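Enquirer: Structure in structure tokens, see below.
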Amino acid sequence: MVFRSLKHIYAQVIDDAAGRTVAAASTKDKEVREAASYGGNKAAAALVGRLVAQRALTAGVTKVALDRREYKYHGRVAALADAARD
């Protein structure tokens, strides 16, 4: 699931069966804030994608489905998803 605002982007990996969040990351996380000068661009979204993927792998998750809600698959959403895949 991807949420975005003008200055921030958030990503969560949710276990629908258990109804709990397995992993999450955002541009508000310390690791991302230190690496990105601005949280509202594609570079920051890619950092969030890599971080949420790393946290999901640590939690034992190997497959996910992207729910982009009403957002088109381009720009920051695509950057986050592509970085998570890598």
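The values are calculated or read from the model by the stated rules, or taken from the named source; none is laboratory data. Since the model is a prediction, treat every value here as computed from it, not as a measurement. Cβ atoms come from the backbone with ideal geometry, glycine included; neighbour counts cover every protein chain shown. Please note that ligands, DNA and RNA were not included when accessible areas were found on the heavy atoms of the full protein model with its side chains. Shrake-Rupley method; radii C 1.70, N 1.55, O 1.52, S 1.80 Å.
Enquirer: Write out the GluC sites (Glu not before Pro) in the chain meeting two conditions: DSSP loop, and at most 15 other Cβ atoms within 10 Å of their Cβ. List each step's numbers first, then the result.
Expert: Working: sites: 31, 34, 70; in loops: 70.
When the GluC sites (Glu not before Pro) of the chain are filtered for loop state and at most 15 Cβ neighbours within 10 Å, 70 remain.
Enquirer: Quantify, in whole percent, the carbon and sulfur part of the accessible surface of the chain (1.4 Å probe; protein heavy atoms only). List each step's numbers first, then the result.
Expert: Numbers: 2830 of 5520 Å².
Carbon and sulfur: 51 percent of the exposed surface of the chain.
Enquirer: To the nearest 10 degrees, how steep is helix 75-85 against the longest Cα principal axis of the chain, on a 0 to 90 scale?
Expert: 50 degrees
Enquirer: Per residue, how much accessible surface does segment 4-79 expose to a 1.4 Å probe? Answer in Å², no decimals. Write out the running numbers ahead of the final one.
Expert: Numbers: 4930 Å² over 76 residues.
That works out to 65 Å² per residue.
Enquirer: OK, next. Tell me the mean residue ellipticity at 222 nm calculated for the chain from its helices only (DSSP H runs of n ≥ 4, each -39500 (n - 2.57), averaged over every residue, nearest 500).
Expert: Mean residue ellipticity at 222 nm (helix-derived): -12000 deg cm²/dmol.
Enquirer: Something else: In nm, give the distance between the simple-model label positions of residue 54 and residue 73, each being 7 Å from the Cα along the Cα-to-Cβ direction.
Expert: So the label points at residue 54 and residue 73 sit 2.6 nm apart.
Enquirer: For the chain, what is the number of Lys pairs with C-alpha distance below 19 angstrom, counting only pairs 8 or more positions apart or on separate chains? Let's see the in-between values first.
Expert: Values: 7/28; 7/30; 7/42; 7/72; 28/42; 30/42; 42/72.
Here the count comes out as 7.
Enquirer: Oh, and also: Based on the Kirkwood radius over alpha-carbon pairs, what is the Stokes-Einstein translational diffusion coefficient of the chain at 37 °C with 0.692 mPa s viscosity, in µm²/s? Walk me through the numbers on the way to the answer.
Expert: Values: Rh = 12.6 Å.
Taking Rh from Cα pairs, D becomes 260 µm²/s.
Enquirer: Test of understanding: in a Gaussian network model of the chain with alpha carbons linked when under 10 Å, which of 23, 43, 59 would top the mean-square fluctuation ranking?
Expert: Taking springs between Cα atoms under 10 Å, the residue moving most is 59.
Enquirer: Please check: in the Gaussian network model of the chain (C-alpha springs, under 10 Å), which one of 28, 42, 63 has the largest mean-square fluctuation.
Expert: Evaluated over the chain, the most mobile residue of the options is 63.
Enquirer: Using a 10 angstrom cutoff on alpha carbons, build the Gaussian network for the chain and name the most mobile of 52, 64, 32.
Expert: With Cα springs under 10 Å in the chain, the top fluctuation among 52, 64, 32 is at 64.
Enquirer: Okay, next question. Please sort by residue number the chymotrypsin sites (Phe, Trp or Tyr not before Pro) in the chain whose DSSP state is loop and whose Cβ has at most 11 other Cβ atoms within 10 Å.
Expert: Sites meeting the loop and neighbour criteria: 38, 73.
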